[in-house]
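The values are calculated or read from the model by the stated rules, or taken from the named source; none is laboratory data. The shown structure was predicted, so the numbers you read here are calculated from the model rather than taken from an experiment. In this analysis, Cβ positions are derived from the backbone assuming ideal geometry, glycine residues included, and neighbour counts consider all displayed protein chains. The area values use the complete protein model at the heavy-atom level, side chains included, leaving out ligands, DNA and RNA. Shrake-Rupley method; radii C 1.70, N 1.55, O 1.52, S 1.80 Å.
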Amino acid sequence: MMKRAMWYLLPFLLAVAGCAGKLEGDVVTFHQGPLPRGETIQVVPGDPDNQGSLEFEHYAGLIREKLSRIGYMPVTPGERSELVAEVRYGVSEGLTEIRTYDRGYARYHFYYGRYYDPFYYGFYHSWEPEVTAYTVYDRTLSMNILRPNEDGSTTVLFEGRVQSQGREREIAKVMPYMITALFTNFPGESGVTKIVSIEKNH
């Protein structure tokens with residue numbers, strides 16, 4: 001029975017193993033004007049609940065590093081800056097997905113002494129479907145780059161969003177890869193969604 005179950009699960013296990021070493025995310029960006037131009041920039045939480053969060057500050061540090069590499073000048077939290085990068089992230093409630101696999105199997109029977117024959121050979125073939133259920137989560141990361149105006153309003157220069165789906169609910173494990181996906185070919189073609197695949201470190 002165990003061997004039969006393993007044969008049913010084999011395609012599913014191979015599919016999971018094939019995705020375990022990388023993260024794929026849908027990335028879409030919207031922007032106007034040349035980006036970047038060497039401005040100072042600070043990273044702030046878009047969600048007030050993340051104000052003062054050590055977790056957010058960890059992600060902000062990764063984002064500052066990326067911003068620096070593409071030509072911005074990140075400042076420490078609280079300093080005045082020409083631009084503001086507003087960051088949000090989250091994980092959805094788990095969604096149960098069901099996969100059905102149809103796999104035939106053969107069963108062989110050998111009986112000693114049946115009808116005085118030394119062996120009896122029997123064959124049974126089945127196409128019973130195997131149903132596998134598992135939970136997946138939608139993870140999102142967004143970053144808007146804003147220019148504060150003297151009248152207190154802001155001008156949106158850039159909007160970017162990454163969405164990924166996987167069986168890992170803990171966003172801390174995938175956030176570095178989602179950040180990398182967001183900054184891949186920054187700022188990208190405005191209004192065009194692209195799929196970015198990031199190899200994970202083991």
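For segment 160-202, what are the residues that are of a type in the set (D, E, K, R) and over 22 Å from Glu55 (Cα atoms)? Once the filter is applied, which keeps residues that are of a type in the set (D, E, K, R) and over 22 Å from Glu55 (Cα atoms), segment 160-202 yields Glu189, Lys194, Glu199. Report yes if Arg169 is modelled with pLDDT of 65 or more, in a strand (DSSP E or B) and not acidic (Asp, Glu), otherwise no. Answer is no for this residue.
Taking (1) open to solvent by less than 30 Å² (accessible area, probe 1.4 Å); (2) modelled with pLDDT of 90 or more; (3) touching a helix residue (DSSP H, G or I) at 6+ places or on another chain (Cβ under 7 Å) in turn, Pro74 satisfies each apart from (1). Among the residues of segment 179-202, those that are touching a Gly at 6+ places or on another chain (Cβ under 6 Å) and either crowded, with 16+ Cβ neighbours inside 10 Å or not in a loop (DSSP other than H, G, I, E, B) (or both) comprise Ala181, Leu182, Val196. Within segment 155-175, the residues that satisfy the criterion of being farther than 24 Å from Glu189 by Cβ and surrounded by 14 or more Cβ atoms within 10 Å (Cβ to Cβ) are Gly166, Glu168, Arg169, Ile171, Val174, Met175.
Yes or no, residue by residue, for (1) modelled with pLDDT of 90 or more; (2) more than 25 Å from Met175 (Cα to Cα):
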{"position": "Val16", "(1), (2)": "no, no"}
{"position": "Ala20", "(1), (2)": "no, no"}
{"position": "Val28", "(1), (2)": "yes, no"}
{"position": "Gly33", "(1), (2)": "no, yes"}
